[in-house]
Structure formats: structure tokens, C-alpha cells
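Here the structure comes first, spelled out in C-alpha cells, and everything after it is commentary.
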Amino acid sequence: MGVMLEVEVAEPADQKARDALQGNLPALTRLLSVAAPLLLAGIEKQRAARIERLVDALNDGLEPTPLDITLAQLQAKAQRQVFESTEWLSSAQVTQLAGLGDRNPAATVNRWKAERRVFAIKHRERDLYPRYAFGADFKPLPGVRPILAALPWQHPDLVASWFASTSAFLDGKCPHQLLADDAKRVLAAAQDAAQNVMSPA
């Protein structure tokens, strides 16, 4: 809804001032024609922000449905399972443990992630890397890249959940448990998972 801005200018009592005002009136009119839309836009923006805050406040009072609670519980359980499955390392920790030096410590680890040699999940605005993706020297295990390429999911949370979940293909073991010693078998499980996603039973 548009808003009309009306400005009333008081007429000066002094004749010289009245003449000066009349002479500058066209310039003032042009100035107001430029400034008014900007001023009105600011008012509308503030009004929209207030309405948004009001809607958020009203929604905060809504009672969650049983389905909301069930989904939240399932998500919390899955996240707990992922975090308990291994040790999670920050970029700085990986850099230090791998002996990569102190200069731009995250650069090498970020490159590993970009090359899909490792993956990371976001937790409190930080990248965290699973310990099982690294060898004893804290360099990426060679078998990780083909497994990540084979998995049908790209989102790190789904990848982490797959590594932390038991697999019938792996005789009830989790993929991360076999990654260091039997990466080929874990790769076969990843390929099987992709096949099941593309051709569900």
C-alpha cells in the first residue's frame, strides 16, 4: 500500500524571506521529489520489520504437534549417533596433528574437502572432520574419495549418518568401523546404497 508524504512549509513574515523562498521553491520541490521516495521506503522497511517480529512472537506461542516432537526426537537421536560414532576434529586440530605447519592452517584441509578426499559437518559455525577419514598420520585415507563419490548423497550430514549407521551389507557393522582396514568393502557398500536409492525395492 502506497503512502503519500505531505510537507507543509510555513510562509515567512518577512517579504525578503518570502521572495527567497519563492525563488528557491522549484529547487526545493525537486529535492523533495528525490528524497520522499527514499524516506517512504525507509518507513515501509521499518514497518515490515516490525510486522515480521510480531509474527515471530506470535508463532513462538504455538504448541508443537506430536509429529513435530517425534521428528525432533528422531533428528536429535541421529545427530547424537553421528557425534558419538567418532572423534570430530576442527581444521586447526587436523593441521596440527598432520604437521602441516602454522601458515594458513585451514588451507590444506579445505583443499582436501574441496577435492572430496574428506568431508566435514557444520557444528556451531565450524567445520568438523571425522577422525575415521584420516590415517595414523592424519592425512586422508586413500579409500575415502571413491566412497564419497559413490554415495548417492552429497549433504555432509547424510554422509556422516551413513558412515555411523549399521549396514546389512557389512554384516551389521558401521562403514566407519571398516574404513581403515577394508575400504574396498566399504566402497561396495556405498555402491549398493546408491543402487538401492536409484532402484528401490
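The values are calculated or read from the model by the stated rules, or taken from the named source; none is laboratory data. Small disclaimer: the values here were computed from a predicted structure and weren't measured. When we count neighbours, we look across all protein chains shown, and the Cβ atoms used for this are built from the backbone with ideal geometry, even at glycine.
Side notes on the structure shown:
- Breaking point among (1) surrounded by fewer than 18 Cβ atoms within 10 Å (Cβ to Cβ); (2) farther than 25 Å from Ala78 by Cβ; (3) among the hydrophobic types (A, V, I, L, M, F, W, C), for Met198: (2)
- Between Val118, Val109, the distinction of being at pLDDT 95 or above and in contact with a strand residue (DSSP E or B) (Cβ under 8 Å, 6 or more places away or on another chain) belongs to Val118 only.
- The stretch 158-182, residues that are in a helix (DSSP H, G or I) and surrounded by 19 or more Cβ atoms within 10 Å (Cβ to Cβ): Val159, Ala160, Trp162, Phe163, Ala164, Pro175, His176, Leu178
- Condition check for Ala114 on (1) farther than 18 Å from Cys174 by Cβ; (2) crowded, with 18+ Cβ neighbours inside 10 Å; (3) of a type outside the set (Ser, Thr, Tyr): one failure, at (2).
- Some residue of the stretch 125-144 being among the charged types (D, E, K, R), free of Cβ contacts under 8 Å to residues at least 60 places away in the same chain, crowded, with 19+ Cβ neighbours inside 10 Å and not in a helix (DSSP H, G or I): yes
- Condition met for His155 (within 20 Å of Ala193 (Cβ to Cβ), of a type outside the set (A, V, I, L, M, F, W, C) and exposed (fewer than 15 other Cβ atoms within 10 Å of the Cβ)): yes
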